[in-house]
Amino acid sequence: MILKYWVYPLIFFLFLGVSALADDATEVEQLIKGKVDQVVSILRDKSLGKQERNEKIIPIVNATFDFVSMAKLSLGKKYWLGFSRDQQQEFIHLFREQLQKSYVDKLDLYTDEKVEYEPAIFKGKKGQLPTYLISKDTRYSMLYKLHNLKNNWKIYDIEIQGVSIIKTYRSQFDGELRKGTIADLLKKLKSPEEFSINTVKKNEDVVK
Amino acid sequence: MRKIVQCLFLILSLQWIWVPAPDARVHLSFSDHQLGPPSNLFLHYFREPQDFEFLDLSPGRFPLSAQVGSDPEAPVSSDLPFSQEDQDGFFDEDFGAEFEKEFEIGANSGAFDPLSGYNRFMTQVNDTFYFYLLKPIARGYRFVFPEMFRISISRFFNNLLFPMHFVNNILQLKFKQAGVELVRFGVNSTVGVGGFWDPADHWFDLNPYPEDFGQTLGFYGIGGGFHLVLPILGPSNLRDFIGLIGDFYLDPVCYIGTCYAGYWEVVLGIRSYKTINYSSLHIGEYESIKKDALDLYIFIRDAYEQKREKEIKE
């Protein structure tokens with residue numbers, strides 16, 4: 001009889017815990033699958049011009065990515081706290097634009113690739129969804145890293161073939177900030193044509 | 001009892017309405033921001049998404065909307081709540097610190113780069129080589145031959161890498177993967193007609209496990225050493241450069257040269273063809289990477305080291 005008093009709550013809480021975990025996994029998988037499907041269906045719609053296509057895709061990207069955290073992480077604590085509030089705001093804005101542009105550019109390379117999903121993995125408040133992009137002759141691994149931001153799962157990093165977007169930006173920003181000032185970096189972000197050593201064919205149209 | 005609970009809930013919910021509001025007002029007068037629409041700014045100062053269900057967040061409701069017209073993408077981004085309420089507090093929170101650890105610039109990513117001058121130069125040389133020689137040839141080649149044909153050629157060459165994959169899987173004690181590679185080679189060389197087709201993948205879902213000698217060295221704990229950009233072959237490091245020599249001798253193409261002494265041109269020709277065929281299938285990828293780069297050399301170096309680190313870990 002005594003059993004009854006603690007066993008049922010125990011079972012109840014166990015069940016609650018398990019289902020909460022399972023919910024996170026399905027939620028993340030559904031979220032990414034849904035967004036990828038949305039983007040792919042837009043890409044397959046050949047009636048859309050490039051401009052129209054991008055206009056449709058950018059809201060989807062904005063709703064899925066946590067650009068603010070990404071901007072902060074790409075600078076790292078050391079540099080982020082050295083930015084004035086205005087500089088921080090400007091940096092977030094420019095970084096977001098840069099990422100959006102880069103994402104939209106990548107879509108030009110899309111040619112009917114298929115996406116395979118693997119079960120999501122959770123570590124604390126963060127989740128990772130491994131996927132594969134099956135292209136002509138290569139399997140690209142793409143790992144979506146998400147964290148729970150106010151009850152919404154948001155992407156804070158993507159690893160393509162093990163290469164983290166945030167990490168590559170971080171070491172580049174680190175390099176820039178060692179060479180120059182914060183103002184220099186912001187200026188450089190504002191005018192992408194002045195990037196780096198490559199003046200040759202910078203704006204050559206990708207692919208065709 | 002129920003009444004007390006109800007009262008508590010009422011008080012709590014009232015708090016949510018009243019507490020953040022003055023805060024929000026103060027920050028809304030903060031004028032020289034560069035961010036998205038005002039709804040973003042507003043959302044920013046609330047704590048939970050459900051807290052502003054009662055609010056009408058349509059753009060234009062707040063006096064700042066006139067300022068943000070300059071950003072063409074602003075209207076579509078209104079579903080992006082500007083997240084952390086305290087900009088500077090982000091890294092103090094537990095998960096902020098956790099994030100910080102995740103993205104720490106590792107010891108392997110170029111802190112030690114004695115050849116950076118040469119590497120930068122060689123990156124530029126390879127860049128020029130790609131745009132002025134390889135890419136035009138690959139484009140012409142792509143124009144002439146259909147994609148299916150080029151994919152088959154690529155599969156054929158990949159099939160020939162079997163000795164390299166197999167030996168390195170064995171050396172890393174990955175016997176199951178070695179077995180998969182063995183089956184793949186057997187099936188693809190016979191049913192797949194000399195490797196031009198990939199039935200192992202299409203029918204049996206057997207994906208390749210490409211392991212090279214550099215990964216084997218890494219598996220036994222040998223670090224990358226300094227970064228090294230090779231002419232034409234691109235980014236590498238000391239360990240992988242040594243690995244390349246081992247791989248070279250496990251590539252059957254190399255033995256054409258040794259079987260028929262003096263035919264090194266043939267080997268070079270085959271290798272060039274392989275490179276052109278590969279490039280024809282991947283035109284646009286390098287260009288798109290380049291567009292993203294603030295500093296091309298650093299970008300490629302870092303991406304290379306990260307990629308290798310992952311490959312070795314697996």
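The values are calculated or read from the model by the stated rules, or taken from the named source; none is laboratory data. Since the structure is predicted, the reported quantities are computational estimates derived from the model, not experimental observations. When we count neighbours, we look across all protein chains shown, and the Cβ atoms used for this are built from the backbone with ideal geometry, even at glycine.
Scanning the stretch A:97-112 for residues that are among the charged types (D, E, K, R) and facing another protein chain (nearest Cβ under 8 Å) yields A:Glu97, A:Asp105, A:Lys106, A:Asp108. Among residues of the stretch A:113-134 being part of a strand (DSSP E or B), touching a helix residue (DSSP H, G or I) at 6+ places or on another chain (Cβ under 7 Å) and closer than 23 Å to A:Ile60 by Cα, the one that is nearest to the other protein chains (Cβ to nearest Cβ) is A:Gly127.
Residues of the stretch A:65-79 that are assigned to a helix (DSSP H, G or I) and not hydroxyl-bearing (Ser, Thr, Tyr): A:Phe67, A:Val68, A:Met70, A:Ala71, A:Lys72, A:Leu73, A:Leu75, A:Gly76, A:Lys77, A:Lys78. Filtering the stretch B:100-123 to residues that are modelled with pLDDT under 75 and within 20 Å of A:Lys126 (Cβ to Cβ) leaves B:Glu100, B:Lys101, B:Glu104, B:Ile105, B:Gly106. Taken together, B:Asn168, B:Asn158, B:Asn237, B:Asn188 contain a single residue that is out of contact with any Gly (no Cβ under 8 Å at 6 or more places or on another chain) and either crowded, with 21+ Cβ neighbours inside 10 Å or under 30 Å from B:Leu134 (Cα atoms) (or both), which is B:Asn168.
For the structure I just gave you, tell me whether B:Glu305 is within 14 Å of chain A (Cβ to nearest Cβ) and not in a loop (DSSP other than H, G, I, E, B). The answer is yes for B:Glu305. From the list B:Gln306, B:Gln215, the one residue that fits, being polar (S, T, N, Q) and out of contact with any Ser or Thr (no Cβ under 8 Å at 6 or more places or on another chain), is B:Gln215. Filter the stretch A:39-64 down to the residues that are away from chain B (no Cβ under 14 Å) and either in a helix (DSSP H, G or I) or among the charged types (D, E, K, R) (or both) and list them by number. If the condition is that a residue be away from chain B (no Cβ under 14 Å) and either in a helix (DSSP H, G or I) or among the charged types (D, E, K, R) (or both), then A:Val39, A:Val40, A:Ser41, A:Leu43, A:Arg44, A:Asp45, A:Lys46, A:Lys50 are the ones that fit.
Can you confirm whether A:Val28 is under 17 Å from A:Leu99 (Cβ atoms), modelled with pLDDT of 85 or more and either buried (at least 16 other Cβ atoms within 10 Å of the Cβ) or within 14 Å of chain B (Cβ to nearest Cβ) (or both)?
No.
Residue pairs whose Cβ atoms lie under 7 Å apart, sitting 6 or more positions apart in sequence or on different chains, and linking a residue in the stretch A:164-188 that is under 28 Å from B:Glu311 (Cα atoms) to a partner that is in a helix (DSSP H, G or I) and small (Gly, Ala, Ser), are A:Ile166/A:Ser74; A:Thr168/B:Ala303; A:Tyr169/A:Ser74; A:Arg170/A:Ser74; A:Arg170/A:Gly76; A:Phe173/A:Ser74. Check the stretch A:135-151 and report whether any residue there is free of Cβ contacts under 8 Å to residues at least 40 places away in the same chain, of a type in the set (A, V, I, L, M, F, W, C) and more than 9 Å from chain B (Cβ to nearest Cβ). The answer is yes, given that some residue of the stretch A:135-151 is free of Cβ contacts under 8 Å to residues at least 40 places away in the same chain, of a type in the set (A, V, I, L, M, F, W, C) and more than 9 Å from chain B (Cβ to nearest Cβ).
Inclusion of A:Gly34 among residues that are within 17 Å of the chain's Cα centre (by Cα), surrounded by fewer than 16 Cβ atoms within 10 Å (Cβ to Cβ) and more than 7 Å from chain B (Cβ to nearest Cβ) is warranted. Would the stretch B:277-284 turn up any residue that is within 14 Å of chain A (Cβ to nearest Cβ), at pLDDT 85 or above, on the phi > 0 side of the Ramachandran plot and within 24 Å of the chain's Cα centre (by Cα)? Looking through the stretch B:277-284, at least one residue is within 14 Å of chain A (Cβ to nearest Cβ), at pLDDT 85 or above, on the phi > 0 side of the Ramachandran plot and within 24 Å of the chain's Cα centre (by Cα). Looking at the structure I just gave you, is A:Lys167 more than 23 Å from A:Tyr110 (Cβ to Cβ), basic (Lys, Arg) and more than 7 Å from every other protein chain (Cβ to nearest Cβ)? Judged against the criteria, A:Lys167 is not a match. Residue check: is B:Phe143 under 26 Å from the mean Cα position of the chain (by Cα), part of a helix (DSSP H, G or I) and of a type in the set (A, V, I, L, M, F, W, C)? In short, no.
Condition check ((1) farther than 30 Å from A:Glu113 by Cβ; (2) not in a helix (DSSP H, G or I)) across all residues:
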{"residue": "B:Ala200", "(1), (2)": "no, no"}
{"residue": "B:Asn207", "(1), (2)": "no, yes"}
{"residue": "B:Glu211", "(1), (2)": "no, yes"}
{"residue": "B:Leu217", "(1), (2)": "yes, no"}
{"residue": "B:Gly223", "(1), (2)": "yes, yes"}
{"residue": "B:Ile245", "(1), (2)": "yes, no"}
{"residue": "B:Gly269", "(1), (2)": "yes, no"}
{"residue": "B:Lys274", "(1), (2)": "no, no"}
